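Have a look at the structure below, then the notes.
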Amino acid sequence: MTRPRISESALAELRLAHPVDELAGKMVALRRLKPGRFVGPCPLHSPDRQARDSTAFECWSDGWVCARCQEGGDVIKLIMLVDGVGFVEAFDRLGGKYEIDPEQAKKLEHDAKAKAEKRKRDENWFRERERSTAFDIWVHAKPILGTEAEASGRKKKTEG
């Protein structure tokens, strides 16, 4: 089965929802460099993530760069490198939303209908089997008159 598609609008929405400076600020101690720019220890390399004198990492709302390794990118790339995961996993961790391909949506709908129809057939088969069993019991039943069941029933009536 193919993965749902990640659209450019979904990526843009995810980047807006998770500014790099806010996410990085939860990982390391950042200081304001100038309006909209922050510096601090690199979440990838710094042994002391709370160091107040480090300037190895610079970030802003939609990007970042590390002075040590020259790596940089957006919030997804930061999660990929910090957590050691791939693009899709980073996208998922940030709560990204997928777009389903129309052909895949049709297939999923078809599969759901087929599954519902099978469940209905199975339920009908079970219901019919139980009805048939009950009918067989009724057809092969003997009259209660003159049996031990009748005597037992009379005895309970007189005792009660």
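What follows draws every value from the coordinates through simple rules; no lab data is involved. Predicted, not measured: the structure shown is a model, and the values here were computed from it. Every residue, glycine among them, receives a Cβ derived from its backbone with ideal geometry; neighbour counts consider all protein chains shown.
The test for being part of a helix (DSSP H, G or I) and within 20 Å of the chain's Cα centre (by Cα) holds for Leu11. Candidates Asp74, Asp83, Asp92: the one that is out of contact with any helix residue (DSSP H, G or I) (no Cβ under 8 Å at 6 or more places or on another chain) and without any contact (Cβ under 8 Å) to a residue 60 or more places away in the chain is Asp92.
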